[in-house]
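Have a look at the structure below before the remarks.
The values are calculated or read from the model by the stated rules, or taken from the named source; none is laboratory data. In this text, all values refer to a predicted model and were calculated from it rather than measured experimentally. Heads up, the Cβs are rebuilt from the backbone with ideal geometry, glycines too, and the neighbour counts pull from every protein chain shown.
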Amino acid sequence: MPRQFFVGGNFKMNGTAQSISQIISNLNSAKLDESTEVVISPPSIFLVLARQLANGKIAVSAQNVFDKPNGAFTGELSVDQLKDAKIDWTLAGHSERRVILKEDDEFVARKTKAAIDGGLSVILCIGESLEEREAGKTIDVVTRQLNAVKDKLSPAEWSKVVIAYEPIWAIGTGKVATTEQAQEVHASIRKWLREKISPEAAENVRVIYGGSVSEKNCQELAKQPDVDGFLVGGASLKPAFVDIINARL
Ligand code: PGA
């Protein structure tokens, strides 16, 4: 079985009830590649609205979740609350949370584990800064981020994970990684899966690319053997998101 192509739309802290309803209405009526798994990730205040409006082919993801069960954690959302709202996915470890909110590898790993224990699937975001890339540390950084999650998950639990490789220097900058740069890191992530998790995980876990993906660059990226889809930020708010979902048509 080939890996199912996966396209996520990360709306970040953007949108209103009206604009998000419009985006979803466009997606519902568009002709989307049936073989692609589509997941949209609106801000938490719109998760329930998005789940109500999106058709059954479109999954909805939180952008974040807490690692503890319901309790005295002001401002956080629990895995149980997401499940209760019929939300099946969450992002974990987006670089904006790692960098701005100071989430470390261990915390991201704990959230990933809590989400999977509670029945969610996880888009696990990893990636290096420009400084780290220029110092030749890209593989070290993504390996360190992955190792933290490996310490918490059983090999079988990796079937609930989609790994999003998002070089920080490419996020929101318009500076997309070249197809070679993306393929090189994706291949090394797959090698890591084979050596550290299992041959099955290497075969089946989707490794998607994020960072300035657009309707212009998605087709070339999608041809790379180890690029199994995209996590799209800015362009997921635009009609061109449909073209990215249909990158392989
Ligand atoms: P971008 O964001 O497509 O706007 O670069 C990607 C992401 O942060 O997931």
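Below is a table of values for the structure above.
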read-out	value
Any chance residue 72 is over 18 Å from the mean Cα position of the chain (by Cα) and among the small types (Gly, Ala, Ser)	yes
Elements of type helices (runs of 4 or more DSSP H) in the range 37-121, at least 3 residues being within 16 Å of the ligand (Cβ to nearest atom), out of contact with any Pro (no Cβ under 7 Å at 6 or more places or on another chain) and touching a residue at least 40 places away in the same chain (Cβ under 8 Å)	95-100
Search result, residues across the range 73-91 that are farther than 22 Å from residue 54 by Cα and not hydroxyl-bearing (Ser, Thr, Tyr)	73, 75, 76
Candidate set from the range 164-179 (those that are of a type in the set (Gly, Ala, Ser) and at pLDDT 95 or above); member that is nearest to the chain's Cα centre (by Cα)	164
Criterion violated by residue 233 - all others in (1) closer than 24 Å to residue 103 by Cα; (2) over 17 Å from the mean Cα position of the chain (by Cα) satisfied	(2)
Residues that are within 16 Å of the ligand (Cβ to nearest atom) and part of a loop (DSSP other than H, G, I, E, B), drawn from the range 1-36	11, 12, 13, 14, 15
Options 72, 85, 92; residue that is closer than 22 Å to residue 154 by Cβ and among the hydrophobic types (A, V, I, L, M, F, W, C)	92
Residues of the range 167-194 that turn out to be within 14 Å of residue 220 (Cβ to Cβ), in contact (Cβ under 8 Å) with a residue 12 or more places away in the chain and not in a helix (DSSP H, G or I), as a count	2
Extreme residue, nearest to residue 10 (Cα to Cα), among residues of the range 151-184 that are within 13 Å of the ligand (Cβ to nearest atom) and surrounded by fewer than 16 Cβ atoms within 10 Å (Cβ to Cβ)	172
